[in-house]
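Where a number appears in this text, it was derived from the coordinates with a stated rule and is not lab data. Remember, it's a predicted structure, so these values are computed and weren't measured experimentally. Positions of Cβ are generated from backbone atoms using ideal geometry, with glycine treated the same way; all protein chains shown enter the neighbour counts.
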Amino acid sequence: MSWNKEDLSQYNFADSPWFIVSTNGKVDIGIQQGFGDTKIGLQPEGMYKLVHEWLKSNHDLSSDQKNTLIEQLK
């Protein structure tokens, strides 16, 4: 999967950033499609840390987005 331009911050310099979520819970994030050697690979614990820290920040999610995340965790 890849992000839309609106998903990325003004500080994004990746040509075509992508991510994939495997059925085993691992996540790969890359800076350019077709170049898997420049990726970040996260175990489920690494993804938990990333999401946990992000949720502690001022993430500006709408109430609907928050409710969707809560429902997904049930």
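For the stretch 37-44, putting each phi into the Karplus relation 6.51 cos²θ - 1.76 cosθ + 1.60 with θ = phi - 60° gives couplings of 7, 10, 10, 9, x, 10, 6, x Hz, in residue order, rounded to whole numbers and with x for Gly and Pro. For the chain, the set of chymotrypsin sites (Phe, Trp or Tyr not before Pro) satisfying both a DSSP loop assignment and a count of at most 10 other C-beta atoms within 10 Å is given as Y11, F13. Note on the stretch 1-64: lysine pairs with Cα distance below 21 Å, sequence gap of 8 or more or different chains, count 4. For mean projected area of the Cα convex hull in nm², the candidate list reads (1) 4.8; (2) 9.5; (3) 6.0; the entry that matches the value derived from this model is (3). Our coupling estimate for the stretch 26-31, obtained by passing each phi through the Karplus curve with A = 6.51, B = -1.76, C = 1.60 and θ = phi - 60°, is 7, 10, 10, 10, x, 8 Hz, Gly and Pro reported as x.
What the phi angles of the stretch 16-21 give under the Karplus curve with 6.51, -1.76 and 1.60, with θ = phi - 60°, is a coupling list of 8, x, 9, 8, 9, 10 Hz, glycine and proline written as x. For the stretch 1-43, the spread of Cα coordinates along the three principal axes comes to 31, 20, 14 Å, biggest extent given first.
Here the relative contact order of the chain, from alpha carbon pairs under 8 Å that lie six or more residues apart, stands at 18 percent.
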